[in-house]
Amino acid sequence: MDEINVLLDVLVLGSGGREHALVKAIQRSPNVGKVYAAPGNGGTDVDAKNVNLNINDPAAVVTKAQELLVDLVVIGPEQPLVNGVADALRAADILVFGPGADGARIEGSKQFAKEFMDKHALPTAAWGRFTDAESALNYLDSQGAPIVVKADGLAAGKGVTVAATLDEARDAVKECFDGRFGSAGMTVVIEECLTGPECSLLVFTDGYRMLPMAPAQDHKRVGEGDTGPNTGGMGVYSPVPIVSEQEHAAMLDIMQKAVSGFAADEIDYRGILYGGFMLTPTGPKLLEFNARFGDPEAQVLLPRLESDLLELLLRVAEGDLIDMELEWSDDWVVSVVMASGGYPGDYETGKTITGIERAEQLSGVTVFHAGTALDETGQPYTTGGRVLNVTAQAASFSEARELAYQAVGLIDFQDKIFRSDIGGKAMLGREAWS
Ligand code: AMP
Ligand code: GLY
């Protein structure tokens, strides 16, 4: 009997490099029909069809998904998850990849995340939670520095201060209660300062079973040598050469306990669970969870996936990972973020970008677009802070690094910045962190 080949139409929500990477990987599926990105960027404009949509508005997303008759919605960023976009789609019988608002609290509220970690005995930094400045300041005095101050809610990655001194910590507390992060800062979490390399472990989960990806390591600071303010991420690689087998096993065990924790708490979690770890001298400890793919982590994880991503996303959305197995390439992937000068502070946009095609002629190189758009002639220009993710895949870590930087050298736009040391520390080995 002939197999009936049903083509599936997909709507990807988001506009970053992560969403471009999702679109490209979905397009590799033999069963893919039309792919839409909302609002998308210059890359998804070519590899999918961009549609205008307020992705943070659950009702608007449902209406658009019904209008486009898509078979699956894939939610990239955290805000729509926290806003309940997945719940609204499920209520309208539309398949969606991403947890509902209850599961997304694991990212949307640091307090919820810490309570979840404690409840399910997941190793993490000691912490306290405060809703007024005075008790927060008293706690700081009792703990001493170094110490970490975090705005409770979503603050676009900017709500965390790792304070070397008590004065710095006090300023951070005052800033939160002075309203710098709006309501996100009116509850403050204060944490023990952990040390060690950071490492992410992301898993696909249907709420019961998990399918892990390889570890990845991001570079959060804007400047060379991990200096300057935190950003969304300036470069990333996967796998991570400095993780020991023991640490890897410990992280997998923690992630499985977290997935089981959701099931035990009757939270129907279908999507990505992203564990952000610090590899401390006493073993991996959780810094945070995210309820979605990392950006730029997705850009180094998805290219290694040899299985059909669309089938995988559907199976997660249907809550049915039972007999699914994944195949991964043995390659190493390194991605360097090219950003607008001034990022993560103020920056100019509208700069013409050249050289992407030449870079992509190098075998193993893919340039994912983030803050870009195309003009009427198809020429890309900058529209955001993080502009491009120049990604190289090769048989060894050092080759992937070299290839990524060779490609970066071919691309130009006015006032571009990038870190020239992505993966540099890992090349030196674990001692570089001590
Ligand atoms: P988060 O938004 O919670 O991931 O925090 C942003 C960054 O702050 C992390 O990637 C770490 O580099 C740092 N950080 C967060 N929590 C801690 C901690 N308890 N100890 C040391 N560094 C931390
Ligand atoms: N790259 C870090 C994140 O997506 O949260």
Which helices count as membrane-span-like in the chain under these terms: full DSSP H, at least 18 Å along the axis by C-alpha, Kyte-Doolittle mean of -1.0 or more?
245-264
What order, most packed first, do the peptides 325-332, 278-285 have when packing is the mean number of other Cβ atoms within 10 Å of each residue?
278-285, 325-332
How large is the accessible surface of Asp265 in square angstrom, using a 1.4 angstrom probe and rounding to the nearest 10?
50 Å²
How much length is gained on full extension from Gln379 to Arg28, taking 0.36 nm per residue of separation minus their Cα-Cα distance?
123.9 nm
Report the full-extension gain for the segment Asn54 to Ser329: residue separation times 0.36 nm, less the Cα-Cα distance, to one decimal in nm.
95.4 nm
The lysines whose Cα lies under 23 Å from the Cα of Lys114, excluding any fewer than 8 residues away in the same chain, are Lys150, Lys158, Lys174, Lys220, Lys257, Lys285
Calculate, for Asp171 and Leu69, the FRET efficiency according to 1/(1 + (r/R0)^6) with r their C-beta to C-beta distance and R0 45 Å; round to the nearest 0.05.
0.30
Could you tell me whether the chain comes out rounded, prolate or oblate from its Cα gyration tensor? Rule is a ≥ b ≥ c as square roots of the eigenvalues, rounded for a/c under 1.5, then prolate if a/b exceeds b/c, otherwise oblate.
rounded
Write down the percent of antiparallel bridges among all DSSP beta bridges whose residues are both part of the chain, to the nearest 5.
80 percent
Rank Leu53, Leu388, Leu22 by mean-square fluctuation in a GNM of the chain with C-alpha springs under 10 angstrom and give only the top-ranked residue.
Leu53
Over the alpha-carbon set of the stretch 178-267, work out the extent along each principal axis and list the three values in angstrom, largest first.
41, 35, 23
Once you've got the GNM for the chain with C-alpha springs shorter than 10 Å, pick whichever of Thr391, Thr366, Thr227 has the biggest mean-square fluctuation.
Thr227
In the stretch 327-434, if the dipole is taken from +1 on Lys/Arg beta carbons and -1 on Asp/Glu beta carbons about the Cα centre, which of Gly364, Met427, Ala400 is farthest to the positive end?
Met427
Summing -39500 (n - 2.57) over the DSSP H runs of n ≥ 4 in the chain and dividing by its residue number, what mean residue ellipticity at 222 nm do you reach, to the nearest 500 deg cm²/dmol?
-9000 deg cm²/dmol
Starting from the Cα of Ala121, move 7 Å in the Cα-to-Cβ direction to define the label point; list residues of the stretch 244-276 whose amide nitrogen is under 19 Å from there.
249-266
In nm, the gap between the two label points placed 7 Å beyond Cα toward Cβ at Thr354 and Trp433 is 4.2 nm
How would you classify the stretch 160-201 from its alpha-carbon gyration tensor, with a ≥ b ≥ c the square roots of the eigenvalues: rounded for a/c under 1.5, else prolate if a/b is greater than b/c, otherwise oblate?
oblate
What residue among Gly319, Gly40, Gly179 shows peak mean-square fluctuation when the chain is described by a Gaussian network model with Cα springs under 10 Å?
Gly179
Place +1 on the Cβ of every Lys and Arg and -1 on the Cβ of every Asp and Glu in the chain, take the dipole about the Cα centre, and give the residue among Ser135, Ala38, Val337 whose Cα lies farthest towards its positive end.
Ser135
Report, to the nearest whole %, how much of the accessible area of the chain belongs to carbon and sulfur atoms, 1.4 Å probe, protein only.
48 percent
At 1.4 Å probe size, what's the solvent-accessible area of Ser183? Round to the nearest 10 Å².
110 Å²
Please report, in cubic angstrom per residue, the volume enclosed by the convex hull of the alpha-carbon atoms of the stretch 112-171.
100 Å³
With every protein chain present, what is the per residue accessible area of the chain (1.4 Å probe, Å²)?
41 Å²
Rounded to the nearest 20 Debye, what is the dipole magnitude of the chain about its Cα centre when Lys and Arg each give +1 and Asp and Glu each give -1 at the C-beta?
640 debye
From the Cα gyration tensor of the stretch 263-339, with a ≥ b ≥ c the square roots of its eigenvalues, which class applies: rounded if a/c is under 1.5, or else prolate if a/b is larger than b/c, or else oblate?
oblate
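The values are calculated or read from the model by the stated rules, or taken from the named source; none is laboratory data. Not measured: the values here are computed from a predicted model. Please note: Cβ atoms are built from the backbone with ideal geometry, for glycine as well, and neighbour counts cover all protein chains shown. These area figures cover heavy atoms from the full protein model, side chains too; ligands, DNA and RNA do not enter into them. Shrake-Rupley method; radii C 1.70, N 1.55, O 1.52, S 1.80 Å.
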